[in-house]
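Read the structure below first, then the notes.
The values are calculated or read from the model by the stated rules, or taken from the named source; none is laboratory data. Note that the structure is predicted; figures quoted are calculated from it, not measured. Reconstructed Cβ throughout: ideal geometry from the backbone, glycine too, with neighbour counts over all protein chains shown. Note: areas computed on protein heavy atoms with side chains; ligands, DNA, RNA excluded. Shrake-Rupley method; radii C 1.70, N 1.55, O 1.52, S 1.80 Å.
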Amino acid sequence: GESVGLHLPTLSVQEGDNSIINCAYSNSASDYFIWYKQESGKGPQFIIDIRSNMDKRQGQRVTVLLNKTVKHLSLQIAATQPGDSAVYFCAERGDSSYKLIFGSGTRLLVRP
Amino acid sequence: GAVVSQHPSRVICKSGTSVKIECRSLDFQATTMFWYRQFPKKSLMLMATSNEGSKATYEQGVEKDKFLINHASLTLSTLTVTSAHPEDSSFYICSANFRHLGYNEQFFGPGTRLTVL
């Protein structure tokens, strides 16, 4: 069946370093991918998205890379800050549906 | 950006009672909303797709008689957990689909923590 998974359940980084969170997806028909940040007790917060016709997209301190050949998605956070500590989820969506399929999540811990 | 609210944010109820959770799109109309549940340290699992003016579409394994969904207006969807049991305790999150310039984006509510005693 369709699945979206993450390679690392927990990532610990030093404040100021760059963080890379990875995600693998299995549905080659998915055409839209999103990264969400979720803080404890709150709903998911949109970070950045990318469509399948792109392989890289940059935002403020964040970059998403999409490798359709190996069905891999990554989120790069530059100069990680304590406020970046949260759980990060990737999600994918197929062209014919509004439904999002979420990955299992990675907890990012930022050490001061 | 588009804002989605949920009410209540927390609810504690006795086993056997029913609980209603509201999801509202505050500054846009949403013909489609979604309901998710999330267990501790787990990912979001889609329960159902709520369609304004028609029946909800439930995901496999989700009991439609247990989780009643009503999407009576373009800004409000409700999820009623009927005859709640302790295993229904979870974090329930809704999202609303916002269509803009031909693209669809989902905006999430802050979630509702349900505890069934």
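Remarks
- Any pair with Cβ under 6 angstrom, 6 or more apart, that starts in the stretch B:29-52 at a residue that is more than 10 Å from B:SER95 (Cα to Cα) and ends at one that is open to solvent by 70 Å² or more (accessible area, probe 1.4 Å) and β-branched (Val, Ile, Thr): B:GLU52/B:THR31
- The stretch B:23-39, residues that are assigned to a loop (DSSP other than H, G, I, E, B) and either open to solvent by less than 20 Å² (accessible area, probe 1.4 Å) or among the aromatic types (Phe, Trp, Tyr) (or both): B:PHE28, B:ALA30, B:PHE39
- Residue check, B:THR57 open to solvent by 50 Å² or more (accessible area, probe 1.4 Å) and farther than 27 Å from A:THR106 by Cβ: yes
So that you can scan it fast, the table gives a plain yes or no per residue for (1) under 24 Å from A:LYS42 (Cα atoms); (2) buried (at least 17 other Cβ atoms within 10 Å of the Cβ); (3) touching a residue at least 12 places away in the same chain (Cβ under 8 Å); (4) within 10 Å of another protein chain (Cβ to nearest Cβ):
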position: B:SER73; (1), (2), (3), (4): no, no, yes, no
position: B:PHE98; (1), (2), (3), (4): yes, yes, yes, no
position: B:TYR103; (1), (2), (3), (4): no, no, no, yes
position: B:PHE107; (1), (2), (3), (4): yes, yes, yes, yes
position: B:LEU117; (1), (2), (3), (4): yes, no, yes, no
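- Every residue from the stretch A:12-29 that is open to solvent by 60 Å² or more (accessible area, probe 1.4 Å), farther than 26 Å from A:GLU92 by Cα and in a loop (DSSP other than H, G, I, E, B): A:GLU15, A:ASP17
- Selection within the stretch A:35-82 - on the phi > 0 side of the Ramachandran plot and either surrounded by 12 or more Cβ atoms within 10 Å (Cβ to Cβ) or within 14 Å of chain B (Cβ to nearest Cβ) (or both): A:GLY41, A:ARG61, A:LYS71
- Leading residue by the ranking (nearest to B:PHE34 (Cα to Cα)) among those in the stretch A:99-112 that are assigned to a strand (DSSP E or B) and more than 7 Å from chain B (Cβ to nearest Cβ): A:ILE101
- Total residues in the stretch A:70-98, condition outside any strand (DSSP E or B) and among the aliphatic types (A, V, I, L, M): 3
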